[in-house]
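The next block holds one structure in the form of structure tokens; read it before the comments.
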Amino acid sequence: MTTSLTAKVKLNNGVEMPWFGLGVWQVEDGDEAKNSVKAAIKAGYIGIDTAAAYKNEKSVGEAIRESGANRDDLFITSKVWNGDQGYDETLAAFDATMEKLGLDVLDLYLIHWPVKGKYKDTWRAMEKLYKDGRIRSIGVSNFQPHHLDDLLADAEVVPAVNQVEFHPLLTQNELLNYCAQKGIQVEAWSPLARGLLFDNEVVKGLGDKYGKSPAQILLRWVLDKGVVVLTRSVKESRIVENADLFDFTLTPEDVTALEALNKNERTGPDPDNFNF
């Protein structure tokens, strides 16, 4: 059972990553992003996830410094965007990300999407940055098993993390099993399925059983599946509420009941069919 907001999972290279973190997708650069990150750190979050494509890395970096938190206590993730993929392009994109964040070392750097014909060269660049000590862990996002098979055919470093859309409407059991076999930690984006399950009778019933909100039930389910979870809000009260997950755990029967809601339904783009 994941028992605290600062609990960590050991990745395949020995680096420890928090089970729970704040994501800042669609959080506006400037005060909104800074206030969100500072509220999360104040509430005890130690994981912060941004990306070049979010266009708020500068504000995230400023919030980290202004929060007064010890940098070494935090786990910061960013991602290389599709248009910046390729070997030299990725090296340059990483430098730009680090300048915006104002950091010397990044905890986790991800390939944001599996851009065909590009992600292998991108991975070589990330392996170099990893070996040079500029990144503590490297991983991917939105990779399906066939993408990972292709990457691993030439990779020197196995990805530490695969960040994907994951919630009871999209349980991705094949991917979870594949990543477990390869020692790759799965991390969830959109764990609340954009609110599509908030009125679901199973979810509401479990909320009544545990005295928790539908969001808290869904976030706890992700953790109980052994998946790292990212949640996003710009409201301090919601940031605090989302993290109130560590005084209960779902029974195996509850986990199965939520898993039965699966429809293989995505709320975001399909990794096998995207055009951006």
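Of the conditions (1) within 30 Å of G133 (Cβ to Cβ); (2) buried (at least 17 other Cβ atoms within 10 Å of the Cβ), E156 satisfies every one except a single condition; which number is it?
Here E156 meets the rest and fails (2).
In the stretch 65-93, what residues are more than 18 Å from the chain's Cα centre (by Cα), open to solvent by less than 10 Å² (accessible area, probe 1.4 Å) and on the phi < 0 side of the Ramachandran plot?
Q85, T90
If the Cβ limit is 7 Å and pairs must be 6+ apart or interchain, which residue in the stretch 243-271 that is within 26 Å of T2 (Cα to Cα) pairs with which residue that is among the aromatic types (F, W, Y) and not in a loop (DSSP other than H, G, I, E, B)?
From the stretch 243-271, the pairs are A243/F20; F248/Y210; L250/W221; V255/W221; L258/W221.
Can A125 be described as surrounded by fewer than 17 Cβ atoms within 10 Å (Cβ to Cβ) and outside any strand (DSSP E or B)?
no
Among the residues of the stretch 86-100, is any out of contact with any Phe, Trp or Tyr (no Cβ under 6 Å at 6 or more places or on another chain), outside any helix (DSSP H, G or I) and more than 19 Å from N13 (Cβ to Cβ)?
yes
Name the pairs: first residue in the stretch 84-106 and closer than 10 Å to E57 by Cβ, second residue surrounded by fewer than 17 Cβ atoms within 10 Å (Cβ to Cβ), Cβ to Cβ under 7 Å, at least 6 apart or on different chains?
Taking only residues 6 or more apart or on different chains, the pairs are G102/R65.
Could you check how many residues of the stretch 213-242 are open to solvent by 10 Å² or more (accessible area, probe 1.4 Å), in a loop (DSSP other than H, G, I, E, B) and modelled with pLDDT of 95 or more?
Within the stretch 213-242, residues that are open to solvent by 10 Å² or more (accessible area, probe 1.4 Å), in a loop (DSSP other than H, G, I, E, B) and modelled with pLDDT of 95 or more number 3.
Does V37 satisfy being under 16 Å from the mean Cα position of the chain (by Cα), without any contact (Cβ under 8 Å) to a residue 60 or more places away in the chain, part of a helix (DSSP H, G or I) and farther than 25 Å from P159 by Cβ?
yes
Condition first: open to solvent by 30 Å² or more (accessible area, probe 1.4 Å) and in a loop (DSSP other than H, G, I, E, B). Now tell me which residues in the stretch 174-206 satisfy that.
The answer is G183, L192, L196, F198, D199, N200.
Taking the stretch 243-276 only, how many residues are among the small types (G, A, S), more than 20 Å from the chain's Cα centre (by Cα) and in a loop (DSSP other than H, G, I, E, B)?
1
Only residues that are open to solvent by 10 Å² or more (accessible area, probe 1.4 Å) and closer than 18 Å to L230 by Cβ: list them for the stretch 48-63, please.
The answer is A52, A53, Y54, K55.
The values are calculated or read from the model by the stated rules, or taken from the named source; none is laboratory data. Worth saying up front: this structure is predicted, and the values here are computed from it rather than measured. Cβ: placed from backbone, ideal geometry, glycine included. Neighbour counts: every protein chain shown. For the accessible areas, the whole protein counts, side chains as well, though only heavy atoms, and no ligand, DNA or RNA atoms are used. Shrake-Rupley method; radii C 1.70, N 1.55, O 1.52, S 1.80 Å.
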